[in-house]
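Engineer: Structure below; questions to follow.
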Amino acid sequence: MANSCCRNQASVDWIVNLIEERLRSNVNYRPKDILQDIQKQYGISIPYKQAWRAKERGLTAIYGSSEEGYSLLPAYCEQIKLRNPGSVAQVFTTVAFGIVDMETDESWMWFLSEFHKLIQMSTETRPQLIVLSNGQTVVTEAVRRKFPTAYQGICMRHLTESMNKEFKNSRLVHLLWKAAYSVTTSGFRDRMAEIEEVCAEAAKRIQQIPPNQWVVVYLEGPRYGHLSSNIEEFNRWILEARELPVIQVIESIHGKLMKEFSECHEKGSKWTSRLAPTAEKHISEAIERSVGYGVLRSDEVEFEVLSADCSSIVNIGMRSCSCREWQLHGIPCSHAVAALLSCKKDIYEYTEKYFTVTKYRETYSKPVYPIPDRSEWSKAIEGQADNENQVVRPPKFRRPPGRPEKKRLCMEENNRERHTVHCSRCSQTGHYKRTCKAVIIQKT
């Protein structure tokens with residue numbers, strides 16, 4: 001039997017002492033697990049709120065208060081500059097991140113302004129930017145203002161997950177992906193007609209999205225094979241860190257990036273091919289498929305390539321094929337390979353340089369250096385002590401009732417009007433035809 005009489009003796013301080021070591025090794029130690037462990041080990045039943053407070057107090061004891069963390073940010077940023085020279089002004093890295101309280105117009109403008117500073121030094125040599133996002137106005141408007149010449153696209157993973165969440169239809173998601181990979185306008189129209197048959201409301205919503213932001217046949221600018229941003233993978237990668245105070249959040253991400261850069265540097269140093277393995281495989285498969293293709297040459301750059309299925313127009317000068325695969329991936333498709341081989345051209349010379357082993361090694365050539373222990377930050381802190389502009393305090397925040405939200409917060413999502421679903425079979429709301437259980441009386 002649970003000893004509820006002893007719950008008053010199980011003070012928050014007592015629970016903190018009990019769980020502190022566990023918290024050090026696992027910041028995701030949940031209040032629910034704390035309850036169960038204390039119940040199992042001591043036979044004491046404690047309120048959930050008490051376990052939650054103990055965890056909060058334990059994290060503060062281990063990592064310091066929020067105020068302390070924010071006050072150390074200027075010194076920490078100074079250490080980043082000292083240990084990684086030029087990390088803001090001269091280095092264009094594969095990952096940029098910022099810490100904000102919510103995704104708003106102001107926070108996105110701030111982040112993109114800082115990102116613009118990071119890459120503006122290479123404006124003349126930088127290729128055309130392609131920005132993939134969830135398509136929300138706060139993001140697209142900020143990108144339009146800070147990078148007016150950039151191509152914008154909808155992340156297909158965000159789009160399909162959003163549609164699946166709203167309409168709960170796996171068939172719809174499957175057709176949406178097929179529509180995205182349409183390489184002809186007629187093929188796209190056919191896929192949209194199928195979507196409309198499955199869910200007219202979803203088709204209406206999709207038609208509001210410009211096709212040049214998500215459909216292969218209409219895409220502007222190279223995508224290098226990517227229709228999704230894969231940012232959710234990064235979010236999962238740092239999920240545990242989001243439980244920590246601000247300095248520890250940055251330190252955790254910094255440590256992960258340091259390890260990632262080191263591993264990628266070592267991996268790239270062992271490659272002996274001209275292209276990275278994935279690109280090499282793509283080329284090899286394209287060469288195999290091109291065997292047996294017929295090639296008709298029109299002029300110096302244009303060819304007609306005949307296969308068993310279709311004929312394709314290839315322009316090696318523009319690096320394009322009517323199948324759109326070359327433009328999408330930046331790697332010659334099987335039709336382009338056939339055309340290039342017919343005129344004895346080097347296939348690798350017509351592959352985007354970003355797929356070469358040389359460029360891969362350049363990306364990870366500069367390591368991410370470690371940051372010294374905070375006991376060595378004293379000089380940086382002393383140098384900034386009299387500068388009021390360098391005092392950083394936590395954002396003004398009033399904790400709402402209930403458990404803190406772990407998911408990304410976006411103002412536009414919070415204010416979005418929810419969609420009411422309708423059944424085409426019984427004309428009622430709250431479900432679709434597929435799950436309808438209403439008894440329909442047939443008229444005779």
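Each reported figure results from applying straightforward, stated rules to the coordinates on display, with no laboratory input. All of these numbers come straight from a predicted model, not from anything done at the bench. Glycine gets a Cβ as well: all are built from the backbone with ideal geometry, and neighbour counts include every protein chain shown.
Engineer: Starting from the Cα of Asn212, step 7 Å along the direction of its Cβ; do the same at Cys436; then give the gap between the two resulting points in nm.
Structural biologist: 4.0
Engineer: Next question, about the same structure. Multiplying the sequence separation of Thr184 and Tyr224 by 0.36 nm and subtracting their Cα-Cα distance, what value in nm do you get? Numbers along the way, then the final one.
Structural biologist: Details: separation 40, 0.36 × 40 = 14.40 nm, distance 1.89 nm.
Between Thr184 and Tyr224, full extension yields an extra 12.5 nm.
Engineer: Between Asp101 and Arg205, what FRET efficiency comes out of the Förster formula 1/(1 + (r/R0)^6) with R0 = 30 Å and r the beta carbon distance, rounded to 0.05?
Structural biologist: On the way: r = 30 Å, r/R0 = 0.99.
Step by step, r from the Cβ atoms, then E = 0.50.
Engineer: In addition: For Met258 and Val291 in the same chain, what is the full-extension length gain: residue separation times 0.36 nm, less their Cα-Cα distance, in nm?
Structural biologist: Numbers: separation 33, 0.36 × 33 = 11.88 nm, distance 4.42 nm.
The span from Met258 to Val291 would gain 7.5 nm if fully extended.
Engineer: Could I ask something else about it? How far apart, in nm, are two points set 7 Å out from the Cα along the Cα-to-Cβ line at Ile62 and at Asp33?
Structural biologist: Roughly 1.0 nm, to one decimal.
Engineer: Where in segment 266-364 are there trypsin sites (Lys or Arg not before Pro) that are in a DSSP coil and have at most 13 other Cβ atoms within 10 angstrom of their Cβ?
Structural biologist: Working: sites: Lys267, Lys270, Arg274, Lys281, Arg289, Arg297, Arg319, Arg324, Lys344, Lys345, Lys353, Lys359, Arg361; in loops: Lys270, Arg274, Arg319, Arg324, Lys344, Lys345.
Filter output for segment 266-364: Lys270, Lys344.
Engineer: For segment 277-355, what are Rg and Dmax over the alpha carbons, in angstrom?
Structural biologist: Here Rg and the maximum Cα pair distance are 11.2, 34 Å.
Engineer: DSSP loop GluC sites (Glu not before Pro) in segment 143-244 with at most 14 other Cβ atoms within 10 Å of their Cβ, which ones?
Structural biologist: Values: sites: Glu161, Glu166, Glu194, Glu196, Glu197, Glu201, Glu220, Glu232, Glu233, Glu240, Glu243; in loops: Glu220.
Answer by residue number: Glu220.
Engineer: Another question about this same structure. Quick one, can you get me the convex hull of the C-alpha atoms of segment 4-63 expressed as volume per residue in Å³? Don't skip to the end; give the middle numbers.
Structural biologist: On the way: hull volume 4.0 nm³, N = 60.
Convex hull volume per residue, Cα atoms: 66 Å³.
Engineer: Tell me the Rg and the Dmax, in Å, that the Cα atoms of segment 70-234 produce.
Structural biologist: For segment 70-234, the Cα radius of gyration and maximum Cα-Cα distance read 19.0, 60 Å.
Engineer: Test of understanding: what is the full-extension gain from Met318 to Glu20, defined as 0.36 nm times their sequence separation minus their Cα-Cα distance?
Structural biologist: Details: separation 298, 0.36 × 298 = 107.28 nm, distance 6.23 nm.
Extra length from Met318 to Glu20 when fully extended: 101.0 nm.
Engineer: Okay, next question. Applying the Karplus parametrisation 6.51 cos²θ - 1.76 cosθ + 1.60 with θ = phi - 60° to the phi angles of segment 145-153, what ³J(HN,Hα) value in whole Hz is obtained for each residue in order, glycine and proline being reported as x?
Structural biologist: Calculated HN-Hα couplings, in order: 7, 8, 10, x, 9, 6, 7, 10, x Hz.
Engineer: Quick one: which of 325-336, 103-114, 139-150 comes out on top by average Cβ neighbours within 10 Å, and what's the full order, highest first? If you can, show how the numbers build up before the last one.
Structural biologist: Working: 325-336: 24.2, 103-114: 16.8, 139-150: 15.0.
Highest-to-lowest ranking by the protection proxy: 325-336, 103-114, 139-150.
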